[in-house]
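Only the coordinates and a few stated rules stand behind these numbers; no lab work does. Quick caveat, the model's predicted, so the values are computed rather than measured. Backbone-built Cβ (ideal geometry, glycine too); neighbour counts: all protein chains shown.
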Amino acid sequence: MTDSQLDVQQTEETSSNLQKLTNNKEIIAYLAEKFPLCFILEGEAKPLKIGLFQDLAEALKEDDRVSKTQLRHALRQYTSNWRYLHGCREGAERVDLYGNPAGVLDAEHVAHAAEQLAEAKAKFAEKRKAELAAKKVQQKRQPRRQNNVKSPRKPKPKVELSAVDLSTLSKGSVVKVKVGDRAKKGIIVEVLKDSARVELENGLVMNIVADRLFA
């Protein structure tokens, strides 16, 4: 392989290894790195030369990291940023890719930039207002959700019952019949040997063993 062929191969490998930039933020950072006297990332930006896109496309025509379409999108975002619009004031001077003066902003462009800035700030304020309103609604709903949470049920107090001697009962005696954790009132209808027939409050008559009868 000749030296020229080797150089071409190395160039192609280097080009293929470069990561293409597709994010506007990354492209603007890349432009600020290559043309620091034209593009800046912090502070008030300088107005750009009219027709700068053509100069930029020409300067980067051999650069595979960005395409013309991507450059156009990134440039549009850069010039609509608040930092850039703030810098488009009366008497401000435009710059080319290398920071050289490229004409003073005319009144029409100054007015257009001021209008764009006012619209952008109004949209931001409206969005912020909507976010705060949504946050207040959420805060109001939160206590209601807490109030709707069911509190755990308190255990019912155990019924205190006194054992009763079956031999002391007779027809008409009032007793309590234990059913689960509750006690129902009843009246003795008939006393048997080891149980008694009891009529409950609901009219039901049952045979109840002695150990479930209480006073």
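Annotations
- Close amide H pairs (under 5 Å, H built 1.01 Å from N) link Val189 with Gly172, Arg197, Val198, Glu199, residues at least 5 positions away or on another chain.
- Sequence ranges 57-65, 204-212, ranked by mean other-Cβ count within 10 angstrom, highest first: 204-212, 57-65
- Note that the range 128-141 has calculated 3J(HN,Hα) couplings of 5, 5, 5, 5, 5, 5, 5, 5, 5, 4, 5, 5, 6, 6 Hz, one per residue in order, obtained from phi through the Karplus relation 6.51 cos²θ - 1.76 cosθ + 1.60 (θ = phi - 60°); glycine and proline are x.
- The calculated FRET efficiency for the pair Lys140 and Asn81, based on their C-beta separation and a Förster distance of 35 Å, comes to about 0.45.
- nm² value of the averaged projected area, convex hull over the Cα atoms of the range 17-122: 6.7 nm²
- Pairs from the list Lys34/Lys68; Lys46/Lys127; Lys20/Lys68 with a Cα-Cα gap above 23 Å: Lys46/Lys127.
- Compared with the direct C-alpha span, the chain from Ser162 to Lys61 gains 26.1 nm at full extension, assuming 0.36 nm per residue.
- Estimated distance in nm for a label pair at Lys178 and Tyr98, the labels positioned 7 Å out from Cα along Cα-to-Cβ: 10.5 nm
- Residue by residue, the range 49-57 carries 3J(HN,Hα) couplings of 4, 5, x, 5, 4, 4, 4, 5, 4 Hz when phi is fed to the Karplus relation 6.51 cos²θ - 1.76 cosθ + 1.60 (θ = phi - 60°); x denotes Gly or Pro.
- Student exercise, the range 53-104 dipole from Lys, Arg, Asp, Glu Cβ charges, in Debye to nearest 20: 280 debye
- A Cβ-based charge dipole, computed about the Cα centre of the range 17-122 with Lys and Arg at +1 and Asp and Glu at -1, lands at about 300 debye.
- Long-range amide H partners of Ala183 with built H, under 5 Å: none
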